[in-house]
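Here is the structure we will look at.
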There are 2 protein chains.
Amino acid sequence: MRVAVLAHEKFPDRAKTAVGLLRYADYEVEAVLDRDNAGKRVSDFVDDVQDAPIVAEMADAPEVDALIVGIAPIGGGFDESWRSDVTTALERGCDLISGLHYFLEDDEEFARLADENDADIWDVRRPPEDLSVAQGVADEVEAEVVLTVGTDCSVGKMTATMELLEAARERGADVGFVPTGQTGIMIENWGTPIDRVVSDFTAGAVEEMILERGDDHDYLFVEGQGSIVHPAYSAVTCGILHGSMADRLVLCHEAGREAIHGYEDTAVPPLADYVDLYEDLARPVHETEVVAGALNTWEIADDAAARDAVETFADELDAPATDPVRFGDADDDGIDAVLEAIL
Amino acid sequence: MRVAVLAHEKFPDRAKTAVGLLRYADYEVEAVLDRDNAGKRVSDFVDDVQDAPIVAEMADAPEVDALIVGIAPIGGGFDESWRSDVTTALERGCDLISGLHYFLEDDEEFARLADENDADIWDVRRPPEDLSVAQGVADEVEAEVVLTVGTDCSVGKMTATMELLEAARERGADVGFVPTGQTGIMIENWGTPIDRVVSDFTAGAVEEMILERGDDHDYLFVEGQGSIVHPAYSAVTCGILHGSMADRLVLCHEAGREAIHGYEDTAVPPLADYVDLYEDLARPVHETEVVAGALNTWEIADDAAARDAVETFADELDAPATDPVRFGDADDDGIDAVLEAIL
């Protein structure tokens, strides 16, 4: 599927979804819309993803099958300056894919244009209506379930999950992906936005996905959300932990993070405490173990220093670890040890 | 406010909400609607709550200000056999209060009748629309926050909370009540149904209530939900634990419960494990302690055996405990020790 990705004024650093799609999705990205960078190319900013021209508006984009809104402003609202891009896309018969909290399907003009031009609107963040409470049966699937868990939000759980997924598949493992957030759902073209479901159905929504795919693969890699000690998002994390009944956990952390992002009074506890907490909390529902770690060393400029940080991290977890982005090459010892622990 | 309470075919054993209202609410219950028991009285079944006649239908009920739906069938749907009771109530100008998942306000006939007769419909389970993520500031209120936490669902957290609240107030303490479920919300005439909010807002919805009332009282007693080891509902429990930033916890348990209700493969862990788990999970966000226990000894016929069970429970928690329903009299040593630990 050929797509254009809207990322006005945010590409690449504040367009996590757009960059995730460029890096991991099977879509052919024909253009990125960013009026601030029109005329440049993706490769001028990010070098290890598929390349595409950057254009000022949808009218300048080549023929595509869909327009994807690839940014998520704080609050998740729709920016009216994007309206002409969306209407242009719909008038051209393109489908619309959006991860905004504001549902484009509920916009009268968009709904009418979609109808007139036989285009579909997929609001990725709208949860399905038939969710229910967990039955506690996710452990009955044939696949081994591996869940990424975090020390905080935005430490790179989705990225770590995708990198480990690709590395495992390169080694011949049969791994399915269970996305729980908007970017993962767009990449996989399937999934439920766990942070948007009714709280009583948090575990149930994860379980439903595990049951749907769990007998098709040897392994399922489940994208984690938030952190079990997060002042705002721990409910989502806890629901995913119990709903997935994960067999193995991979703890994700960002090097140097000392306080919970946005909650600077809340210190990041010692890493060994996270291991105990995730394992102790999971145990009564389903026994599990932190078998490996993924460290995001983005902020460390020097490779040797990053290697040291990974080593310290592995010692603290008492488990193999790597930075799967930085040191994820197929011939790297670190990722081998991590995959051996996971698979 | 004078009310009638609908509890057809379920009163009293499967009408938890109706019995809770009779026991704890300030409403004057003028009639209970139960077509199976028409002609009898509440006192024929339950002896320690306000008394009222039981009638077959709303047409037989005396003048009231509101009709409350006091049962919650599995799935929370509306039973069409209740329709004439509801329409009769609305035609008489009575307000309607319902805790069903099915929102009566969205029923065309009810909405029209309410409009015509100047009656209000309050769907207790509909969460407010302006919820948001927690800011992690519930600890800034002046009140000490006390949260009831459970070993499982349906162990009597709401009842324990209400009994401790009444006992504390009898001793002169200034205590506010923070309800999180439908019965508590009906009793308090205020509150947010935490199990129905968007999962990302679980902690935030609790925090908002704490902030709203936390400077008006010396203590806030927060009604807990679910259990931190529940296969389906732990997300809600975790969100309440972190969102409330509770200063003290009261662990609620039902004597003899050995497996999670409805999830018989999931054993109830040792009680000391619950203490560690709740405290360890809370600590990174806000340090807290299980200071007391409430044991539901309903299933134990003999008072002496119930006292033994309470003593064993207290030993396992290493904290004072009681059954606040059975041994909640003002002159009982057990409840004194529990309140001393809480206040």
### Query
Tell me, what HN-Hα J-couplings in whole Hz come from the Karplus equation 6.51 cos²θ - 1.76 cosθ + 1.60 at θ = phi - 60° for each residue of region A:270-279, using x for Gly and Pro?
x, 4, 4, 5, 4, 4, 4, 5, 4, 5
### Message
Residue by residue through A:190-201, how many Cβ atoms from other chains fall within 10 Å of the Cβ on average?
### Response
6
### Message
Give me the one-decimal nm value for the distance between modelled label points at A:E311 and A:D276, 7 Å along each residue's Cα-to-Cβ direction.
### Response
2.7 nm
### Query
So which residues of region B:233-255 lose at least 20 Å² of accessible area, probe 1.4 Å, when you go from the chain by itself to every protein chain present?
B:Y233, B:S234, B:A235, B:V236, B:C238, B:H242
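Counting Lys and Arg as +1 and Asp and Glu as -1, what is the net charge of the other residues whose Cβ lies under 15 Å from the Cβ of A:V155? Mind dumping the intermediate values first?
Details: positive: A:K16, A:K157, A:R257, A:R326; negative: A:D152, A:E163, A:E223, A:E254, A:E258, A:E299, A:E316, A:D323.
Residues near A:V155 contribute -4 overall.
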### Eligible lysines near B:K10 by straight Cα distance, threshold 27 Å, same-chain separation 8 or greater
B:K40, B:K157
### Summary
Taking N as the number of residues in region A:256-342, the ratio of its alpha carbon radius of gyration to 2.2 N^0.38 Å works out to 1.18
### Task
Note every residue of region A:261-301 with a reduction of at least 40 square angstrom in accessible area, all protein chains present versus the isolated chain, computed with a 1.4 Å probe, or write none.
A:Y263, A:L277, A:L281, A:P284, A:V285
### Query
In region B:1-50, which GluC sites (Glu not before Pro) are in a loop and have at most 16 other Cβ atoms within 10 Å, using DSSP for the loop call?
B:E9
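Could you list the GluC sites (Glu not before Pro) in region B:123-225 that lie in coil according to DSSP, counting only those with at most 13 other Cβ atoms within 10 Å of their Cβ?
Numbers: sites: B:E129, B:E140, B:E142, B:E144, B:E163, B:E166, B:E170, B:E188, B:E207, B:E208, B:E212, B:E223; in loops: B:E129, B:E142, B:E223.
Of the GluC sites (Glu not before Pro), the ones in loops of region B:123-225 whose Cβ has at most 13 other Cβ atoms within 10 Å are B:E129, B:E142.
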#### Entry: For region A:2-123, accessible area per residue (1.4 Å probe, heavy atoms of protein chains only), Å²
45 Å²
### Task
Would you kindly derive the ³J(HN,Hα) couplings of region A:156-161 from the backbone phi angles with the Karplus curve 6.51 cos²θ - 1.76 cosθ + 1.60 (θ = phi - 60°), listing them in order in whole Hz, with x for Gly and Pro?
x, 5, 5, 4, 4, 4
### Message
At 7 angstrom along the Cα-to-beta-carbon line, where would the label on B:W298 sit relative to the other copies? Give the distances in nm, shortest first.
### Response
5.0
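Relative contact order (percent) for chain B, with alpha-carbon contacts under 8 angstrom and 6 or more residues of separation?
Numbers: 740 pairs, mean separation 46.4, N = 343.
Normalised by residue count, the contact order of chain B is 14 percent.
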### Task
Take the alpha carbon atoms of region B:317-343, find their center, do the same for region A:264-327, and report the distance between the two centers in whole angstrom.
43 Å
### Task
Please give the solvent-accessible surface of A:E91 in Å², to the nearest 10, using a probe radius of 1.4 Å with every protein chain present.
110 Å²
### Query
Put +1 on the Cβ of each Lys and Arg and -1 on the Cβ of each Asp and Glu in the protein assembly as shown; which of A:G204, B:L6, B:P179 then has its Cα farthest toward the positive end of the dipole?
B:L6
### Query
Expressed as a whole percentage, what fraction of the accessible surface of chain A belongs to carbon and sulfur atoms when a 1.4 Å probe is rolled over the protein heavy atoms?
41 percent
### Query
Considering the dipole of the protein assembly as shown built from charges on the beta carbon (Lys and Arg +1, Asp and Glu -1) around the Cα centre, which of A:F327, A:L33, A:G156 is farthest to its positive end?
A:L33
### Query
Between B:E116 and the same site in the other copies, what are the distances in nm, shortest first, taking label points 7 Å from Cα along the C-beta direction?
4.1
### Message
I need the inter-copy label distances for A:D315: point set 7 Å along Cα to C-beta, values in nm with one decimal, smallest first.
### Response
4.5
## Note on the structure
Placing each pseudo-label 7 Å from Cα in the direction of the beta carbon, A:E299 and B:M1 end up separated by a distance in nanometres of 5.1 nm
### Query
Rounded to the nearest 20 Debye, what is the dipole magnitude of region B:138-342 about its Cα centre when Lys and Arg each give +1 and Asp and Glu each give -1 at the C-beta?
660 debye
### Task
Return the average number of partner chain Cβ atoms within 10 angstrom of each residue Cβ along peptide A:131-138.
4
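Determine the sum of side-chain charges near B:S84: Lys and Arg each +1, Asp and Glu each -1, restricted to other residues whose C-beta is under 13 angstrom from that of B:S84. Kindly include the intermediate steps, with their values, before the conclusion.
Details: positive: B:R35, B:R83, B:R92; negative: B:E57, B:D60, B:D79, B:E80, B:D85, B:E91, B:E109.
My count for the surroundings of B:S84 gives -4.
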### Query
So how strong a dipole does chain B carry about its Cα centre when Lys and Arg Cβ are +1 and Asp and Glu Cβ are -1, to the nearest 20 debye?
640 debye
#### Entry: Long-range HN-HN contacts of B:V268 with modeled amide H, under 5 Å
B:A259, B:I260
#### Entry: the protein assembly as shown, dipole about Cα centre (Lys/Arg Cβ +1, Asp/Glu Cβ -1), debye to the nearest 20
640 debye
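I need the trypsin sites (Lys or Arg not before Pro) found in region A:1-60, filtered to DSSP loop residues with at most 12 other beta carbons within 10 Å of theirs. Show your work: numbers first, answer last.
Working: sites: A:R2, A:K10, A:R14, A:K16, A:R23, A:R35, A:K40, A:R41; in loops: A:K10, A:R14, A:R35, A:K40.
Sites meeting the loop and neighbour criteria: none at all.
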### Query
When the helices in chain B are scored as -39500 (n - 2.57) per DSSP H run of 4 or longer and the sum is shared across all residues, what 222 nm value do you end up with, to the nearest 500 deg cm²/dmol?
-9500 deg cm²/dmol
### Message
Counting pairwise Cα distances across region B:139-279, what percent come out greater than 25 angstrom?
### Response
22 percent
### Task
Just subtract the alpha-carbon distance of B:E129 and B:N117 from 0.36 nm times their residue separation and send over the number in nm, one decimal.
1.7 nm
### Query
What full-extension length gain, to one decimal in nm, is calculated for A:E166 and A:D44 as 0.36 nm per residue of separation minus the Cα-Cα distance?
41.4 nm
### Query
Just the projected area, averaged over all directions, of the convex hull on the alpha carbon atoms of the protein assembly as shown: how many nm²?
31.5 nm²
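What per residue convex hull volume, in Å³, do the alpha-carbon atoms of chain A yield? Write out the running numbers ahead of the final one.
Values: hull volume 46.3 nm³, N = 343.
Looking at chain A, the number lands at 135 Å³ per residue.
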### Query
How do B:M209, A:M1 stack up against each other in accessible area, from largest to smallest, with a 1.4 angstrom probe?
A:M1, B:M209
### Task
Using only the Cα atoms of region A:2-123, each taken as one equal point scatterer with no solvent, compute I(q) by the Debye sum, divide by I(0), and report log10 of the ratio at q = 0.12, 0.22 Å⁻¹.
-0.37, -1.29
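Let me know the whole percent of all Cα-Cα pairs from region B:11-70 that are separated by more than 16 Å.
On the way: 611 of 1770 pairs.
Counting pairs separated by more than 16 Å, the tail of P(r) holds 35 percent.
Computed on protein heavy atoms with a 1.4 Å probe, what is the summed buried accessible area for the chain pair A and B, in Å² to the nearest 100?
Numbers: alone 15000 and 15030 Å², together 27260 Å².
In total, this chain pair buries about 2800 Å².
The values are calculated or read from the model by the stated rules, or taken from the named source; none is laboratory data. Because the structure is predicted, anything quoted here is derived from the model rather than measured. Positions of Cβ are generated from backbone atoms using ideal geometry, with glycine treated the same way; all protein chains shown enter the neighbour counts. Surface areas here come from the heavy atoms of the whole protein model, side chains and all, with no ligands, DNA or RNA. Shrake-Rupley method; radii C 1.70, N 1.55, O 1.52, S 1.80 Å.
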